[in-house]
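Remarks on the structure that follows.
The values are calculated or read from the model by the stated rules, or taken from the named source; none is laboratory data. All figures in this text were calculated on a predicted structure; none of them were measured in a lab. Note that we place each Cβ from the backbone using ideal geometry, even for glycine, and neighbour counts take in every protein chain shown. Quick note on the areas: whole protein, heavy atoms, side chains included, nothing else; ligands and nucleic acids left out. Shrake-Rupley method; radii C 1.70, N 1.55, O 1.52, S 1.80 Å.
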Amino acid sequence: METFEQIVEREKQYLIQTYARYPRALASGKGVWVFDIEGRKYLDLVGGLGVNALGHAHKRIVKVIREQCVRLIHVSNLYYNEYQGLLAERLCKLSGMERAFFCNSGTEAIEGAIKAARAAGHAVGGEAKNKLFAIEGSFHGRTFGALSLTAQEKYRKDFTPLLEGVQFIKLNDADDLYSKIDDTACAIVIEPIQGEGGIRECTQEFLQEARTVADRHKVALIFDEIQCGLGRTGSMFAYQDSGVTPDIVTIAKPLAAGLPLGAFLAREPFASAIGSGKHGTTFGGGPLACRVALEYLSIIEEEGLLENVRKVGAYLNHELNRTRVDFDVVREVRGRGMIQALELNVPARPFVDAAIQKGLLINATQDVVIRLLPAFLLEEKHVDKAMKVLRKLLANRPVEIAAHSRAGV
Ligand SMILES: *Cc1c(COP(=O)(O)O)cnc(C)c1O
């Protein structure tokens, strides 16, 4: 077996150096636990960045992958398969949307969504109706379209010029919405809870105002639920708690339990705006990924996981709020369900590094935010275990142990 040092050396030589990884190589997992190649055990509150909502090696997911991979993995979209339509139907019924398009990642879901919005815009207002709006602090992905909607300089610099006609609105600032959006707009893209941006929630009023403005100017209201959706807040979609229904929803991360699968779901007139030959993908919506996604949705329902997310999420929130009272270094607690954060008044990275040493995986984003995206099957005893480590770290304030920076996403 290779040593950790050998793995690191090989990557250093042969990988494009886009990632500043934490110093562990992970080899296996079970439920909320993962193990590194040296056999050390970690409580996983990162969940593969919100992907492993069912934890690791869920029995039903393993079984369905085994069954399907010997039947059919891929056929392309030249042909029908047994599962793509079923998954589309299920997601439409859950979301209130009318049609689905399947792709392979979050950023691709965003690309498809803004193409649909542009096409619909052109249909009602000609080519002049093309402007795209997103929110300050947003993260929508790394391809040129999605990157153009991502309002963070660190991701954008070095890659300009990006898409023309993109503007940003201040989070939860309705006046800003009303002053910037007019008939030349074709889409407003919003994360109901900004994930990478540090777990910042849109207010219900802001989402309602966005709906009103979008209706007034025939603009697609697009909710990016790639991180906050598919059960993470304790509802199937985060917007369902606000009472505001978008025109298009993007999803990805947990959808196929770790296999690459994304989608955008749309209502009319946006659902019919891109017709035959106008969009497509080789891999998207294959029988293996779609069957696993159907199983994911069944497990959420049959194991009562939304209820668990609400219950254990509330407990986690209560415990995090206790740290805010007990430790000066904690500035704010944000989020709910299995998407929560502690904002510190010092850099978060040393805490993340020290937590790994103590067998706890957490993630830092926006420099001072500790982000938690645990599996939906997290139990209160796991929260207790994590809090014990976290409280010790908050009391002792670890100093920076690694000089190099670590990627936020
Ligand atoms: C992760 C993420 C994306 C990008 O998804 P990828 O699968 O990494 O391309 C887009 N939007 C949000 C809100 C995300 O959290």
Taking the range 92-115 and keeping only residues that are more than 18 Å from Glu191 (Cα to Cα), within 11 Å of the ligand (Cβ to nearest atom) and either acidic (Asp, Glu) or in contact with a Leu (Cβ under 7 Å, 6 or more places away or on another chain) (or both), one is left with Asn104
The range 146-237: strands (runs of 3 or more DSSP E) wholly inside it with 2 or more residues that are touching a residue at least 12 places away in the same chain (Cβ under 8 Å) and under 30 Å from Asn308 (Cα atoms) are 185-190, 220-224
For the range 58-79 the number of residues that are touching a residue at least 24 places away in the same chain (Cβ under 8 Å) and assigned to a loop (DSSP other than H, G, I, E, B) is 8
Exception for Glu82 within (1) assigned to a helix (DSSP H, G or I); (2) closer than 30 Å to Ser235 by Cβ; (3) in contact with a Cys (Cβ under 9 Å, 6 or more places away or on another chain); (4) open to solvent by 60 Å² or more (accessible area, probe 1.4 Å) falls at (1)
Could you check, for the range 302-324, whether at least one of its residues is farther than 20 Å from Val383 by Cα and away from the ligand (no atom under 16 Å from the Cβ)? yes
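Before we move on, is Gly145 within 13 Å of the ligand (Cβ to nearest atom), in contact with an Asp or Glu (Cβ under 6 Å, 6 or more places away or on another chain), assigned by TED's automatic domain parsing to the domain that holds Ala109 and not aromatic (Phe, Trp, Tyr)?
Details: within 13 Å of the ligand (Cβ to nearest atom): yes; in contact with an Asp or Glu (Cβ under 6 Å, 6 or more places away or on another chain): yes; assigned by TED's automatic domain parsing to the domain that holds Ala109: yes; not aromatic (Phe, Trp, Tyr): yes.
Against the criterion (within 13 Å of the ligand (Cβ to nearest atom), in contact with an Asp or Glu (Cβ under 6 Å, 6 or more places away or on another chain), assigned by TED's automatic domain parsing to the domain that holds Ala109 and not aromatic (Phe, Trp, Tyr)), Gly145 qualifies.
Can you tell which of Leu163, Leu177 is closer than 17 Å to Ala214 by Cα and out of contact with any Lys or Arg (no Cβ under 6 Å at 6 or more places or on another chain)? Break it down into steps so the answer makes sense when it comes.
Numbers: Leu163 fails: closer than 17 Å to Ala214 by Cα.
None of the others qualify; the one that does is Leu177.
To keep it simple, each residue is scored yes or no on (1) in contact with a Leu (Cβ under 6 Å, 6 or more places away or on another chain); (2) open to solvent by 50 Å² or more (accessible area, probe 1.4 Å); (3) of a type outside the set (Phe, Trp, Tyr).
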{"residue": "Arg10", "(1), (2), (3)": "no, yes, yes"}
{"residue": "Gly29", "(1), (2), (3)": "no, no, yes"}
{"residue": "Tyr42", "(1), (2), (3)": "yes, no, no"}
{"residue": "Leu54", "(1), (2), (3)": "no, no, yes"}
{"residue": "Val64", "(1), (2), (3)": "no, no, yes"}
{"residue": "Ile73", "(1), (2), (3)": "yes, yes, yes"}
{"residue": "Leu78", "(1), (2), (3)": "no, yes, yes"}
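Only one of Arg291, Arg336 is farther than 14 Å from Leu45 by Cβ, open to solvent by 20 Å² or more (accessible area, probe 1.4 Å) and not assigned by TED's automatic domain parsing to the domain that holds Arg40. Can you tell me which? Reasoning before the result, please.
Numbers: Arg336 fails: not assigned by TED's automatic domain parsing to the domain that holds Arg40.
Result of the check over Arg291, Arg336: Arg291.
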Selection from the range 257-275 of residues within 15 Å of the ligand (Cβ to nearest atom) and either open to solvent by less than 20 Å² (accessible area, probe 1.4 Å) or in contact with a Leu (Cβ under 8 Å, 6 or more places away or on another chain) (or both) yields Ala257, Leu259, Leu261, Gly262, Ala263, Phe264, Leu265
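When the residues of the range 148-168 are filtered to those that are away from the ligand (no atom under 16 Å from the Cβ) and surrounded by 13 or more Cβ atoms within 10 Å (Cβ to Cβ), which remaining residue is farthest from Lys115 (Cα to Cα)? It would help to see each step written out before you state the result.
Kept after step one, since they are away from the ligand (no atom under 16 Å from the Cβ), are these residues of the range 148-168: 153, 157-158, 160-161, 164-165, 167.
Those left that are additionally surrounded by 13 or more Cβ atoms within 10 Å (Cβ to Cβ): 165, 167.
Numbers: Gly165: 14, Gln167: 17 Å.
Ranking the qualifying residues of the range 148-168, first place goes to Gln167.
In the range 200-214, which residues are over 16 Å from Asp241 (Cα atoms) and either open to solvent by 40 Å² or more (accessible area, probe 1.4 Å) or within 12 Å of the ligand (Cβ to nearest atom) (or both)? Write out each step before concluding.
Within the range 200-214, the first condition is being over 16 Å from Asp241 (Cα atoms), and the residues that meet it are 212-214.
Within the range 200-214, Thr212 is the sole residue that qualifies.
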All-but-one check, Cys103 against (1) in contact (Cβ under 8 Å) with a residue 60 or more places away in the chain; (2) of a type outside the set (S, T, N, Q); (3) over 27 Å from Phe159 (Cα atoms), failing number (3)
